[in-house]
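Here the structure comes first, spelled out in structure tokens, and everything after it is commentary.
The values are calculated or read from the model by the stated rules, or taken from the named source; none is laboratory data. If you're wondering where the values come from, they're calculated on a predicted model, not measured in any experiment. Quick reminder, even Gly has a Cβ in these numbers, built from the backbone with ideal geometry, and neighbours come from all protein chains shown. Side chains are part of the model used for accessible areas, which takes the heavy atoms of the whole protein and leaves out ligands, DNA and RNA. Shrake-Rupley method; radii C 1.70, N 1.55, O 1.52, S 1.80 Å.
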Amino acid sequence: MPAHPSGVLHAGPSPVWLPEPDDVNELMPSLWSKHTVKKDGVLTVCGHSVQDVAHTFGSPVFVFDVDDFQTRARDFAESFDREFAANGMTARGYYAGKAFLCTAVARWATEAGLGVDTCTLGEMLTARAAGVDPGRVGLHGNNKSDAELEMAVSWGIGRIVVDSLDEIPRVERIAERCGVTAPVMVRVTVGVEAHTHDFIATAHEDQKFGLSLASGQALEACKKVLKSPHLDLVGLHSHIGSQIFDAEGFILAATRVIRLRATLQRDFGAPVAEVDLGGGFGIRYTSQDTPSSFADMARKLARAVVRACEDEDTDLPNVSFEPGRAIVGPAAFTLYEVGTIKPVHTENGVRTYVSIDGGMSDNARTALYDADYSCTLANRRSDAEPIVVRVVGKHCESGDIVVRDEYLPSDVSAGDLIAVPDTGAYCKPLASNYNLVPRPGVLAVEEGRDPYWIVQPETYSDLFATDPGFDPALLEGDV
Ligand SMILES: *Cc1c(COP(=O)(O)O)cnc(C)c1O
């Protein structure tokens with residue numbers, strides 16, 4: 001194996017997709033939130049330098065650009081509204097709270113014109129605490145508890161998405177007991193599994209969600225709901241995957257769901273008002289990723305729904321969507337401090353491992369999904385030549401990788417700050433206390449205002465509160 005041209009110490013297997021940057025100090029703006037820039041080499045968001053942030057709030061910390069989130073949420077709501085209206089339909093977005101939810105985020109999402117999609121009691125309680133109108137809340141889940149269904153029904157949420165035949169009589173009994181008619185959607189498994197540029201179209205899907213279209217279960221579920229005086233079939237639902245860049249998978253799913261809707265209308269005289277096409281809109285984590293704009297996606301999907309309805313000779317539905325990642329992912333970056341630097345000799349040369357003060361406990365996606373992230377040296381400029389590094393966490397696990405491959409200046413050293421963009425979605429919600437580390441907080445930043453927590457960092461008291469054998473007196477003093 002030949003050594004890297006810049007010498008064996010700077011070698012290390014770099015992936016084909018990762019080009020060496022012209023200037024390793026520069027940000028690639030499309031990877032960063034709206035108000036994140038570099039000033040004299042220092043990463044700054046809404047006028048707050050990361051050095052000030054780290055000094056005042058510590059690290060690791062999720063740094064959340066509030067205006068970026070709000071702008072993206074509004075852009076989604078307005079783009080889908082506009083493109084569907086142009087085709088004679090209404091389109092509604094429900095922010096998928098599982099991507100990241102706290103009361104502030106629920107409030108901002110609704111202020112931007114989105115509803116809130118939940119899948120547990122905890123997520124519903126958060127939306128409720130944020131003052132979200134229950135009519136704009138949905139509940140998903142393949143195994144909802146009685147407590148969850150009771151809260152959904154008694155609070156009066158706008159849509160309970162049923163996910164199994166078993167669930168239908170359970171919702172029915174609860175609705176009857178509460179003396180209401182519960183609004184129900186049926187989650188249809190359409191046999192489309194989509195990811196980035198590919199999708200797989202099959203008749204059957206071997207996974208836990210939804211009711212299969214091909215086996216007739218979806219139709220059976222709809223008939224059960226229609227028969228019940230305590231249930232109202234308000235819609236059909238499909239969610240085909242995540243981190244999707246192209247419209248084709250959604251279009252095929254829409255076509256299949258609209259065919260079922262037309263069957264219900266034609267053969268059972270049952271008009272179904274709404275079709276929900278789920279979430280899964282992709283974002284740019286690295287230069288490999290090429291997501292569509294909301295406007296482009298909305299235009300293609302609106303036209304496809306019109307075409308499908310023409311083919312089925314049926315009227316146009318109201319359409320809804322559940323974007324999570326695409327709204328919140330790019331809004332935050334994670335700030336870490338560098339500790340150990342270790343050159344490791346590999347078959348392809350030396351790989352430099354840069355260890356930071358967090359890891360898989362605050363970002364499980366690299367370990368869990370083989371996800372790629374990017375990062376930058378955040379506290380200073382450097383004229384040192386770029387080398388490919390691997391950014392790893394502090395946990396007792398060799399899979400504890402945050403950024404698999406990235407160029408950083410070769411003089412990166414202990415005490416430097418590193419920022420990893422696009423960690424707003426599925427990082428904080430998947431965070432764990434692995435190795436008994438407290439989970440980091442989420443710090444909101446806005447122009448002209450001091451940063452403030454929207455989720456506070458856990459303390460050691462929080463961490464040990466659940467261990468009855470832990471003497472809290474140990475934490476007095478400077479721990
Ligand atoms: C996860 C999920 C979403 C959101 O997915 P994103 O990839 O974050 O947009 C929407 N709807 C359902 C049913 C989901 O399970």
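List of remarks:
- With the helix formula -39500 (n - 2.57) applied to DSSP H stretches of n ≥ 4, the chain reaches a computed 222 nm mean residue ellipticity of -8500 deg cm²/dmol.
- Relative to the current alpha-carbon distance between S145 and D22, full extension at 0.36 nm per residue lengthens the span by 38.9 nm.
- Take the Cβ atoms of R177 and A273, set R0 to 25 Å, and the FRET efficiency comes out at 0.45.
- Principal-axis tilt of helix 248-268 within the chain, Cα atoms, nearest 10 degrees: 20
- Added length on full extension, which subtracts the Cα-Cα distance from 0.36 nm per residue, L165 to Q456: 100.7 nm
- With DNA, RNA and ligands ignored, accessible area of C102 (1.4 Å probe; Å², nearest 10): 10
- Contact order relative to length of the chain, as percent, for alpha carbon pairs under 8 angstrom and 6 or more apart: 20
- Approximate spin-label separation S413-E347, in nm, with each point projected 7 Å along Cα-to-Cβ: 3.4
- Eigen-decomposition of the gyration tensor built on the alpha-carbon atoms of the stretch 115-322 gives equivalent ellipsoid semi-axes of 27, 21, 15 angstrom, largest listed first.
- Degrees between helix 146-155 axis and first principal axis of the chain (Cα, 0 to 90, nearest 10): 70
- Separation in nanometres of the label points that stand 7 Å from Cα toward Cβ, at L226 and H197: 4.2
- Antiparallel %, DSSP beta bridges [both residues in the stretch 162-268], to 5: 25
- Projected label distance in nm at L475 and S215, using a 7 Å step from Cα toward the beta-carbon: 4.7
- Under 15 Å, Cβ to Cβ, from E337 - net charge with Lys/Arg +1 and Asp/Glu -1: -2
- Computed over the stretch 115-322: relative contact order in percent, which uses C-alpha pairs under 8 Å that are six or more apart: 16
- Surface composition of the chain: carbon and sulfur atoms hold 49% of the protein heavy-atom accessible area at a 1.4 Å probe.
- Note that the chain, at 37 °C in a medium of 0.692 mPa s, gets a Stokes-Einstein diffusion coefficient of 137 µm²/s from its Kirkwood radius over C-alpha pairs.
- Euclidean distance of C-alpha centroids, the stretch 284-331 and the stretch 345-379, integer Å: 32
- Probe 1.4 Å - accessible area at E385, Å² to nearest ten: 70
- With a Förster radius of 56 Å applied to the C-beta separation of S398 and E111, the computed FRET efficiency comes to 0.80.
- Accessible surface area normalised per residue over the stretch 133-240 is 44 Å², counting heavy atoms of protein chains with a 1.4 Å rolling probe.
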